[in-house]
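The structure appears right after this line, and notes come after that.
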Amino acid sequence: MSARQVTLAEVAKQAGVSLATASRVLNGSTRQVSGDLSDRVLRTAEELGYVPNASAQALARNSSSLVGLVVHDITDPYFSCIAAGVTRVAEEAGLVVVLGTTGRRPEREAELLSTLRAHRARAVVLAGSRTTDRAAQSRLAAEIDAFTEQGGRVACVSQAKLGTDTVVPGNRAGGRALARALTELGHKKFAVLGGPSELVVARDRLAGFKAGLNDAGIAPPVVVNGAFTRDGGYEAAMELLASKSRATCVFAVTDVMAMGAMAALRERGVRIPDDMSIAGFDDIPTLRDTVPALSTVRLPLEEMGEIAAGLVLDGGGDEARTVRVAGEVVLRASTAHN
């Protein structure tokens, strides 16, 4: 049988103070209590084994020790790396990170932010691409306004479209630089595994890649859309192969899609890079040991999470801040001169 939990009223009675005074001391109210009374309440609480109520503390301070982190898919290494950065900064500040996942459903972001607001989370980091669903984005923007009016702060790792602090990855510029690098290897016929067309990150990376090909005087690529997953890359690559495309190089707009595409190519007897080269985007750590090693655009994912956490925890000002993070082209064995 579990031990009975000591109540705040019992602490107040034993210490000889009012319930309001005990609450101010133990729940962290901004109203001050004299040193002698505070010491007496704290000593009594310790003797009785009183455990403070986290919800009551949050109400007293109008905030809690919680930092919300909302991502599309924590199994995707892109988001788990960002999460590592956010968690490191939050824990160093003595705060606790609460994770929520959206399953890539835009409306879920607003729902999770509303829940975190109800729990008086101190800050929230939203990591994930914006979408072309304007209604969903409007609902999310309204929730961000409500959260900040309550005294919290919100930062995004995405595109700067919500009027709040944002860490913006260099998606378009990275795609453009990668296309130029691949054309310099001698490739002239390209295909792109483009990801979901409603996600702005997929559109930006594709647009940048097309611009880079245009810079080199190369024809636009064949584009096959698929989910932002390993299976999405696999299925898109299978569709590309069925189309009898003559592309010598395939660009998957995420490394995770590239992993699935490589599996599809091997299954069909296509040698990488001898028969077809492949490149990705993000440089997630789990794929750096892939054979052949994957050419990609490296983003400092953990650093992006650290920056986002820093933005919501540093106090900031009233003006939304934008931090742009550049990508770096990394050419490895999965691409070759054809």
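General remarks:
- Set side by side, the residues Arg153, Arg104, Arg108 differ, and just one is among the basic types (Lys, Arg), at pLDDT below 90, in contact with a strand residue (DSSP E or B) (Cβ under 9 Å, 6 or more places away or on another chain) and not assigned by TED's automatic domain parsing to the domain that holds Pro196, which is Arg104.
- Flag if Thr30 is open to solvent by 60 Å² or more (accessible area, probe 1.4 Å) and either modelled with pLDDT under 80 or not small (Gly, Ala, Ser) (or both): yes
- Hits in the stretch 225-280 (condition: closer than 26 Å to Arg130 by Cβ and open to solvent by 70 Å² or more (accessible area, probe 1.4 Å)): Asn225, Arg230, Asp231, Glu235, Met259
- Residues (open to solvent by less than 60 Å² (accessible area, probe 1.4 Å), in contact (Cβ under 8 Å) with a residue 24 or more places away in the chain and of a type in the set (Gly, Ala, Ser)) located in the stretch 291-338: Ala293, Ser295, Gly305, Ala308, Ala309, Gly310, Gly316, Ala320, Gly327, Ala333, Ser334, Ala336
Okay, residues lined up against (1) over 26 Å from Leu299 (Cα atoms); (2) touching a helix residue (DSSP H, G or I) at 6+ places or on another chain (Cβ under 8 Å); (3) exposed (fewer than 15 other Cβ atoms within 10 Å of the Cβ):
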{"residue": "Ile82", "(1), (2), (3)": "no, yes, no"}
{"residue": "Thr102", "(1), (2), (3)": "no, yes, no"}
{"residue": "Arg105", "(1), (2), (3)": "no, no, yes"}
{"residue": "Glu111", "(1), (2), (3)": "yes, no, no"}
{"residue": "Leu126", "(1), (2), (3)": "no, yes, no"}
{"residue": "Ala136", "(1), (2), (3)": "yes, yes, no"}
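- Among the residues of the stretch 281-290, just one is in contact with a Cys (Cβ under 9 Å, 6 or more places away or on another chain), buried (at least 18 other Cβ atoms within 10 Å of the Cβ) and either in a strand (DSSP E or B) or not β-branched (Val, Ile, Thr) (or both), namely Asp282.
- Scan of the stretch 188-228 for residues that are closer than 19 Å to Ser243 by Cα and either in a loop (DSSP other than H, G, I, E, B) or of a type in the set (Gly, Ala, Ser) (or both), ordered by number: Lys188, Lys189, Ala191, Gly194, Gly195, Ala219, Pro220, Pro221, Asn225, Gly226, Ala227
- Residue within the stretch 309-323 that is in the same structural domain as Leu99 (by TED's automatic domain parsing), farther than 17 Å from Asn171 by Cα, of a type in the set (Gly, Ala, Ser) and not in a loop (DSSP other than H, G, I, E, B) present: yes
- Verdict on Val200 being closer than 21 Å to Val329 by Cα and buried (at least 23 other Cβ atoms within 10 Å of the Cβ): no
- Once the stretch 33-53 is narrowed to residues that are farther than 21 Å from Ser65 by Cβ and open to solvent by 80 Å² or more (accessible area, probe 1.4 Å), the residue that is modelled with the lowest pLDDT is Asp36.
The values are calculated or read from the model by the stated rules, or taken from the named source; none is laboratory data. The shown structure was predicted, so the numbers you read here are calculated from the model rather than taken from an experiment. All Cβ positions, glycine included, derive from the backbone under ideal geometry; neighbour counts span all protein chains shown. To get the accessible areas, we keep the full protein, side chains included, count just its heavy atoms, and leave off ligands, DNA and RNA. Shrake-Rupley method; radii C 1.70, N 1.55, O 1.52, S 1.80 Å.
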